[in-house]
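One structure is given below, encoded as structure tokens.
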Amino acid sequence: MSLTTLENYYLPDSGRDVVELLQEYGERAMILAGGSFVHGLAARDLLFGIDVFIDIQKLGLTDITVASEGLQIGAMVRFAELAKAPEIQADPGWGAVRDALSYPPVQIMNAATVGGSIAAVCPYFDLPTAWLAIGGKVTAEGIAGSKEISLKDFSTSLFESSLGPDEFLTGLTLPQPAPGSTSAFIKLETNANDLAIVNVAVQFILDPSGVCQSVRVALGGGVNERPLRSASAEKLLTGQKLTDALLKEAGEAIEADISPMADHRATAEYRSAMACVLTERALHRAIARLTRRS
């Protein structure tokens with residue numbers, strides 16, 4: 001259907017109104033945040049069975065606040081607003097988010113919302129991979145109230161989330177990085193307007209002697225139906241000094257954990273090979289970021 005001929009468009013004033021609309025229309029309904037993803041689906045005639053749109057712009061959800069548990073981000077915060085947040089700019093532990101927000105063109109930066117990017121559960125998007133590496137969470141509201149969901153439990157399969165039929169995403173949390181934390185994100189794309197062929201995000205903590213105390217290695221961009229963490233690479237790196245040889249070995253180790261998809265952007269074999277290369281590069285970038293700060 002075309003978004004220029006909408007017949008069922010709602011602009012609710014409260015979260016409760018949103019929940020009631022979701023209950024009423026079920027799978028016919030879709031939440032509108034920034035709208036960039038929805039417009040992309042509509043342009044490709046991919047809004048199968050969806051003819052009700054619930055615009056949440058009147059709910060606010062635009063604050064970025066520092067709390068004891070980390071950075072609290074409203075679902076309607078635009079990419080450009082998060083990229084300019086001083087906290088994101090200052091802490092190397094959030095570097096993966098900063099990197100992920102450096103790729104989109106200005107039109108997407110000013111239109112797309114952080115919540116929409118996560119809620120879309122698109123395996124080719126960048127922010128979900130960065131969020132997974134940093135241990136991020138989302139907050140959802142539904143008929144039973146508000147609840148928090150770890151990003152690793154949010155995406156269940158291709159374009160499917162763990163949200164109930166009456167629930168929608170209202171906010172996100174980036175946990176406060178521990179001392180010695182650093183992170184990075186890197187992406188392979190055909191051009192600035194295209195989705196990822198492969199993307200990789202890493203976060204790790206180094207102790208004063210340079211030993212890796214903990215690490216997350218997350219991959220997306222079509223290496224699986226949803227972003228995933230590489231247990232093989234994480235096991236290899238934990239408790240070790242991060243030498244060049246070890247980083248290369250970690251890059252190769254991720255092949256055991258991914259199931260790349262083939263599409264018009266890349267073959268599964270190419271995705272697998274580049275995922276190894278990008279993992280090694282992301283680890284090097286994160287180390288360089290921490291070194292520059294010290």
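Contact order, relative form, for the chain: 16 percent (alpha carbon pairs under 8 Å, 6 or more residues apart, mean separation divided by residue count). In a fully extended conformation the segment linking Thr291 and Ala90 would gain 71.0 nm over its present Cα-Cα distance, using 0.36 nm per residue. In the elastic network of the chain, a GNM with C-alpha springs shorter than 10 Å, the most mobile of Leu32, Leu195, Leu41 is Leu41.
Taking only alpha carbon atoms, segment 181-293 gives an Rg to Rh ratio of 0.98, where Rh is the Kirkwood radius. Dipole magnitude for the chain: computed about the Cα centre from +1 point charges on Lys and Arg Cβ and -1 point charges on Asp and Glu Cβ, it is near 1100 debye.
Using θ = phi - 60° and the Karplus relation 6.51 cos²θ - 1.76 cosθ + 1.60, list the HN-Hα couplings for segment 227-243 in order, rounded to whole Hz, with x at every Gly or Pro. Karplus values, whole Hz, x for Gly and Pro: x, 9, 9, 8, 5, 5, 5, 5, 5, 5, 8, 5, x, 10, 7, 8, 7.
In units of the compact-protein estimate 2.2 N^0.38 Å, segment 55-119 shows a Cα radius of gyration of 1.09. Along each principal axis, taking the top coordinate minus the bottom one, the Cα set of segment 59-175 gives 36, 31, 26 Å in descending order.
Dividing the mean sequence gap of close Cα pairs (under 8 Å, 6+ apart) by how many residues segment 130-231 holds gives a relative contact order of 26 percent.
With θ taken as phi - 60° and the Karplus curve 6.51 cos²θ - 1.76 cosθ + 1.60 applied, the whole-hertz 3J(HN,Hα) list for segment 192-197 is 5, 9, 9, 6, 5, 7 Hz, x standing for glycine and proline.
Extending 7 Å from the Cα toward the beta-carbon at both Gln57 and Ala245 defines two label points whose distance is 5.8 nm.
Rg then Dmax, both in Å and based on the Cα atoms of segment 117-248: 15.9, 52. Take every Cα pair under 8 Å whose residues are at least 6 apart in sequence, average their separation, divide by the length of segment 202-294, and the relative contact order is 26 percent. In the structure shown, do any of Lys84/Lys248; Lys137/Lys187; Lys58/Lys187; Lys84/Lys147; Lys84/Lys152; Lys147/Lys248 have a Cα-Cα gap over 30 Å, and if so which? Violating the 30 Å limit, Cα to Cα: Lys84/Lys248; Lys58/Lys187; Lys147/Lys248. Springs join every pair of Cα atoms under 10 Å in this Gaussian network model of the chain, and among Thr243, Thr113, Thr279 the largest mean-square fluctuation is at Thr243.
Using Cβ point charges alone (K and R +1, D and E -1), the dipole size of segment 202-270 about the Cα centre works out to roughly 220 debye. Helix 244-253 axis versus longest C-alpha principal axis of the chain: approximately 40°, rounded to the nearest ten. Counted over the chain, the DSSP beta bridges are approximately 90% antiparallel. Shown here for segment 206-279: GluC sites (Glu not before Pro) in loop regions (DSSP other than H, G, I, E, B) with at most 11 other Cβ atoms within 10 Å, of which there are none. Per-residue packing, averaged as other Cβ atoms within 10 Å, sorts the ranges 124-131, 90-97 into the order 124-131, 90-97, beginning with the highest. Taking every alpha-carbon pair within the chain, the share separated by more than 32 Å comes to 25 percent.
Over the residues of the chain, the helix contribution to mean residue ellipticity at 222 nm works out to -9500 deg cm²/dmol, using -39500 (n - 2.57) for each DSSP H run of at least 4.
We did not get these values from a lab; they are worked out from the coordinates using the rules stated. As the structure is a prediction and not an experimental result, all values here were calculated from the model. Quick reminder, even Gly has a Cβ in these numbers, built from the backbone with ideal geometry, and neighbours come from all protein chains shown.
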